[in-house]
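Every read-out reported here was derived from the displayed coordinates using simple, explicitly stated rules and does not represent laboratory data. Fair warning: this is a prediction, and the values are worked out from it, not measured in the lab. Note that each Cβ is placed from the backbone with ideal geometry, even for glycine, and that neighbours are counted across all protein chains shown.
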Amino acid sequence: MAVRSSVNRAKGMWFRDDLRLDDNIVLQAAASGATSLLPVYVFDPRNFNVPTLAGARKSAARRARFLLESVACLRKNLEAKGSGLAVAVGRPEDSVPKLCSGFEAVCIQQGVCSEEQMQEKKVEKHLKAAKTDLNRIWGGTLYMPEECGCAPKGIPLLFTAFKNKAESKGRIRDPIDAPKKLPPLPELDEAATEALTYMPSLQDLGYPAE
């Protein structure tokens, strides 16, 4: 488990599909007011070389390799801003609380699909046991939910009706620049420190050696 700083303003940033620094409203929220920040990415083995009910694989080796390269690039960009990226392989409901327990909060881009939302609930349950909040932040659309001309749960079934409401009342926000500098990393134990340099191989994700 990570070791906390004396002033409990440490935060975590759990990356999933938002592997970028620029135009990332969640990263901005995580860095705001934090005395320290630990970015985290978790490779969930259930998302890779595992067959679905239909018999297909959730991810081919080529796609998994691209994701590995993308996460490595994210780490490099974070390090250039004075931060880093803790990487783990496992279930997020285990790995995220292990790395971020005791933090003030862990920020995440709010999921839309059922699998993402179920995952968030499991992580949130484990974080609560460590008195850490999970802060869900909307960031996956051009229009913010409260600014698209209608409530998210009251979106018209016909696209044209939604389009007309969005164009008449909504607005697309200007992109957000990448932070010039990020809060420093918190004090970490040995396992969490090793996660800052760890990167799995394709074999670690269940694919045969090439």
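Which three semi-axes in whole Å describe the equivalent ellipsoid of the chain, each the square root of 5 times a Cα gyration tensor eigenvalue, listed largest first?
Numbers: eigenvalues 169, 113, 57 Å².
That gives 29, 24, 17 Å for the three semi-axes.
Full-extension gain between Ile176 and Lys121, please, as 0.36 nm times their residue separation minus the C-alpha to C-alpha distance. Please list the in-between numbers first.
On the way: separation 55, 0.36 × 55 = 19.80 nm, distance 2.82 nm.
That pair, Ile176 and Lys121, stretches by 17.0 nm at full extension.
Report the local net charge at Pro92: Lys and Arg +1, Asp and Glu -1, summed over other residues whose C-beta lies under 12 Å from its C-beta.
Values: positive: Arg16, Arg46, Arg91, Lys98, Lys121, Lys122, Lys125; negative: Asp44, Glu93, Asp94, Glu115, Glu116, Glu120, Glu124.
Around Pro92, the charge tally is 0.
Please compute the net charge surrounding Asn135, taking Lys and Arg as +1 and Asp and Glu as -1 over other residues with Cβ under 12 Å from its Cβ.
Values: positive: Lys11, Arg136; negative: Glu104, Glu120, Glu124, Asp133.
Result for the local shell: -2.
Quick one: length gained pulling Thr52 to Glu69 fully straight, 0.36 nm per residue minus the C-alpha distance?
Numbers: separation 17, 0.36 × 17 = 6.12 nm, distance 2.45 nm.
Once the chain is fully extended between Thr52 and Glu69, it gains 3.7 nm.
Given a cut-off of 25 Å, what percent of all Cα-Cα pairs of segment 43-153 lie beyond it?
Numbers: 2179 of 6105 pairs.
Roughly 36 percent, once rounded to a whole number.
Taking the alpha-carbon centroid of each part, what is the distance from segment 97-170 to segment 25-58 in angstrom?
Taking the Cα centre of segment 25-58 as reference, the centre of segment 97-170 is 14 Å away.
As a footprinting exposure proxy, order Cys100, Cys73, Cys107, Cys148 by other Cβ within 10 Å, with the fewest listed first. Walk me through the numbers on the way to the answer.
Details: Cys100 30, Cys73 12, Cys107 27, Cys148 20.
With the sparsest Cβ surroundings first, the list reads Cys73, Cys148, Cys107, Cys100.
Let me confirm the definition first: pairs of Lys residues in segment 1-144, 8 or more apart or on different chains, C-alpha distance under 29 Å. How many are there?
Number of lysine pairs found: 23.
Between Arg91, Arg63, Arg75, find the one with the highest GNM mean-square fluctuation for the chain; connect C-alpha pairs within less than 10 Å.
Arg63
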